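Read through the structure below, which is laid out as structure tokens, and then see the notes.
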Ligand code: GDP
Ligand code: K
Ligand code: MG
């Protein structure tokens, strides 16, 4: 038996959350085309060839501006320290940006074992991949490298095979059927937040946090979830509710569908929107989303 931790590290939008979901086979970590969608460390658990692979998704690494940002970037680096293997994800279309060069510099100082994963190969000219791999290997001691598409799954099995063979001998740390360490009520809040990322624009998604107030199983087996969407400004509340409540209805409907899929149960979701100035620097709110101990 083998078991070990793998950190997924990279710039915002490299595809870390998409890759984690693909490897686990469930939507555990929320995904959007916007940077900083992932705020917390999400553990995805995969059993592959008798190895329990513990994948740590992390917020992307970027320059912090507010307390929430600092907590996110710190969470990402903590992931690296705890890992047996760190996979550095790079969007192969974008290549070696300034942002990536900074991450590489910092990885050099913090990580012992680094595997390179070039992602989004479904969108890139194949001739670009080898030179990019070579350029990165001259900057950083890379043990192994992979080329994948987290979106369509190509190359993902090779990465899983390699991890399954490589991780240390030892007992599994989680029950065999667990997919994540996150409680269902936190997953529910995250799926609502994902819809806000997908359905609103500009600064709105960044000003929002979601908390599950209650999560109850009904006698018929369905689940009733009550969640609050906190915004930091009054005019954001109106935008999220939308004209005649259209926006909030759409957010509710889509989140409920995703929730039903993830929990494999019928879900009833009730959302309220509240204004709470400065939630993104409040300890209690950061704690509720898993970013403060
Ligand atoms: P993260 O910020 O690193 O967690 O990145 P996400 O997983 O949230 O993905 C960012 C965006 O890239 C989303 O719109 C994804 O659908 C997209 N994406 C992720 N992986 C791939 C891939 O392999 N191919 C393509 N074409 N898009 C991808
Ligand atoms: K993202
Ligand atoms: Mg992410």
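The values are calculated or read from the model by the stated rules, or taken from the named source; none is laboratory data. Owing to the predicted nature of the structure, the values given are computational and were not obtained by experimental measurement. Heads up, the Cβs are rebuilt from the backbone with ideal geometry, glycines too, and the neighbour counts pull from every protein chain shown.
Considering only residues of segment 33-49 that are within 8 Å of ligand 2 (Cβ to nearest atom) and touching a residue at least 40 places away in the same chain (Cβ under 8 Å), which is nearest to residue 92 (Cα to Cα)?
Only one residue tops the list, namely 34.
Looking only at segment 200-219, count how many residues are within 16 Å of residue 248 (Cβ to Cβ), in contact (Cβ under 8 Å) with a residue 40 or more places away in the chain, under 18 Å from the mean Cα position of the chain (by Cα) and within 16 Å of ligand 2 (Cβ to nearest atom).
1
Taking residue 52 as the residue in question, decide whether it is away from ligand 2 (no atom under 16 Å from the Cβ), touching a residue at least 12 places away in the same chain (Cβ under 8 Å) and closer than 24 Å to residue 129 by Cα.
On the way: away from ligand 2 (no atom under 16 Å from the Cβ): yes; touching a residue at least 12 places away in the same chain (Cβ under 8 Å): yes; closer than 24 Å to residue 129 by Cα: no.
Considered against the rule, which asks whether it is away from ligand 2 (no atom under 16 Å from the Cβ), touching a residue at least 12 places away in the same chain (Cβ under 8 Å) and closer than 24 Å to residue 129 by Cα, residue 52 comes out as no.
Given the criterion farther than 22 Å from residue 156 by Cβ and within 15 Å of ligand 2 (Cβ to nearest atom), identify the matching residue among 30, 94, 104, 61. Walk me through it before giving the result.
Values: 30 fails: farther than 22 Å from residue 156 by Cβ; 94 fails: farther than 22 Å from residue 156 by Cβ; 104 fails: within 15 Å of ligand 2 (Cβ to nearest atom).
One residue alone meets the criteria, 61.
Would you call residue 149 without any contact (Cβ under 8 Å) to a residue 60 or more places away in the chain, surrounded by 14 or more Cβ atoms within 10 Å (Cβ to Cβ) and part of a strand (DSSP E or B)? Lay out the reasoning, then the answer.
Numbers: without any contact (Cβ under 8 Å) to a residue 60 or more places away in the chain: yes; surrounded by 14 or more Cβ atoms within 10 Å (Cβ to Cβ): yes; part of a strand (DSSP E or B): no.
No: the conditions fail for residue 149.
Give me the residue from segment 105-126 that is part of a helix (DSSP H, G or I) and at pLDDT 95 or above and, out of that set, surrounded by the most Cβ atoms within 10 Å (Cβ to Cβ). Give the steps one after another, and end with the answer.
The first filter runs over segment 105-126 and keeps only residues part of a helix (DSSP H, G or I), leaving 105-110, 121-123, 126.
In the following step, the residues that additionally are at pLDDT 95 or above were identified as 121-123.
Numbers: 121: 21, 122: 14, 123: 11.
Result: 121.
Among the numbered conditions (1) within 16 Å of ligand 2 (Cβ to nearest atom); (2) within 18 Å of the chain's Cα centre (by Cα); (3) on the phi < 0 side of the Ramachandran plot, tell me where residue 80 comes up short.
For residue 80, the exception is condition (1).
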